[in-house]
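Reviewing the structure listed below.
Any read-out appearing in this document is the output of simple, stated calculations on the displayed coordinates, not a laboratory observation. Since the structure is predicted, the reported quantities are computational estimates derived from the model, not experimental observations. Virtual Cβ from ideal backbone geometry, glycine too; neighbours counted across all protein chains shown.
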Amino acid sequence: MKILVTGSSGHLGEALVRTLRQAGHDVIGLDIKESAFTTVTGSVDNSECVQECMHGVQIVYHTATLHKPHVATHSMQQFIDTNVSGTLTLLQSAKANGVKAFVFTSTTSVFGDALRPPAGTPAAWVTEDVKPIPKNIYGVTKSAAEDLCLLFHRKHGLNCIILRTSRFFPEEDDDKLKREKYAGENAKASEFLFRRVELEDVVSAHFAAAQRAGELGFGRYIISATTPFLPEDLQELNTSAAAVVHKRVPGFAGIYDRLGWEMFDTIDRVYVNEAARRDLLWEPKYDFAHVLDCLKTGDFPASLVAKQVGSKGYHDKVFEDGPYPV
């Protein structure tokens, strides 16, 4: 099967290309950066380049994007050119070439300010029914690209599945206060409770989306680790998160104590993956319980593909106050 992966030099793009090649697929990798996983160097906003890549393609995995860390280093127009115009160019070419499934990698960042309840109020229970309130150009352009996918499904019958992925990057957190209070692996482990997903599970979600696209036609899905929390936990989560974790995952305390780790004081949101598991038949492997099982043996949980891809970063230089100037 011939498959196009955009953003093939990026974190998720490389993971997809690696896995697809191992399965014997004919993969075209498109990226503005050269790499061992990019076969065509070019922009998703270049219609001639995209058209050249799209011949004979049956599935498109569109991961190419400017990310949140680029907000301070790239202009709004660059975000529009890549995230919106680039997606439009790909959709037009996919329609013209009879692509069977178009899987668009979006982000939970589209929810924006809908994820920030005031202190003392219940944490946000984030399902696909939550109305996005983007708070920066990244969220705005990803939301606009999602709407273009919907338009091409409604007007042209293109099968489009949108995956709103939560955090899966291995880089340091962009929150200075969090970096100062929690070790990197400590923070990442705790995030599997509510806002993180492992790279292998993101890859499997994309494959599940492509398989189900013909039957579903269109859908938006949150891709995050399965949470142990329940809606009745939301009030306490945003005031005393550790107490809720003790209740839902009682074995965590001994492991965290041994490592000298701390649980977050509060948790203000919970991403819910129920719809993706139900509709896409997606079976994520990595959740907080799995993380704890790995930590018992002294290993931080990471799939083989995550180890192979490693950390890529988002910029070519180091900034004075942390990894990202945001």
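Both numbers refer to the Cα atoms of segment 256-301; Rg and Dmax are 14.0, 40 Å. For segment 263-285, the residues whose amide N sits under 15 Å from a probe point set 7 Å from the Cα of I255 along the beta carbon direction are 263-264, 285. Along each principal axis, taking the top coordinate minus the bottom one, the Cα set of segment 35-85 gives 37, 23, 17 Å in descending order.
What ratio of Cα Rg to 2.2 N^0.38 Å holds for the chain?
Normalised by 2.2 N^0.38 Å, the Cα Rg of the chain equals 0.98.
Extension gain for the segment E52 to L151, taken as residue separation times 0.36 nm less the Cα-Cα distance, is 33.3 nm to one decimal. For the chain, the mean residue ellipticity at 222 nm estimated from helices alone is -11000 deg cm²/dmol, where every DSSP H run of n ≥ 4 contributes -39500 (n - 2.57) and the total is divided by all residues, rounded to the nearest 500. With both labels modelled 7 Å from their Cα along Cα-to-Cβ, the L281 to K178 distance reads 3.5 nm.
Compared with the dominant principal axis of the Cα atoms in the chain, helix 86-96 is inclined by about 50°. Taking packing as the residue-averaged number of other Cβ atoms within 10 angstrom, the listed peptides 250-256, 166-172, 197-203, 115-121 run from highest to lowest as 197-203, 166-172, 250-256, 115-121.
Computed from the C-beta positions of K2 and T239, the FRET efficiency with R₀ = 51 Å rounds to 0.45. The Cα center of segment 280-314 and the Cα center of segment 159-183 differ in position by 14 Å.
Evaluated over segment 61-163, the count of Lys pairs having alpha-carbon atoms less than 21 Å apart is 8 (only pairs 8 or more residues apart or interchain). Helix 137-156 and the long axis of the chain differ in direction by around 50°, with both axes built from C-alpha atoms. Provide the FRET efficiency to the nearest 0.05 for the D299-T127 pair, computing r from the beta carbons and using R0 = 25 Å. The computed FRET efficiency comes out at 0.20. Across all Cα pairs in segment 64-186, the calculated P(r) in 5 Å bins from zero up to the longest distance comes to 2, 10, 17, 18, 19, 15, 9, 5, 3, 1, 0 percent per bin. Judged by the mean number of other Cβ atoms found within 10 Å, the most tightly packed of the peptides 22-33, 100-111 leads the ranking 100-111, 22-33.
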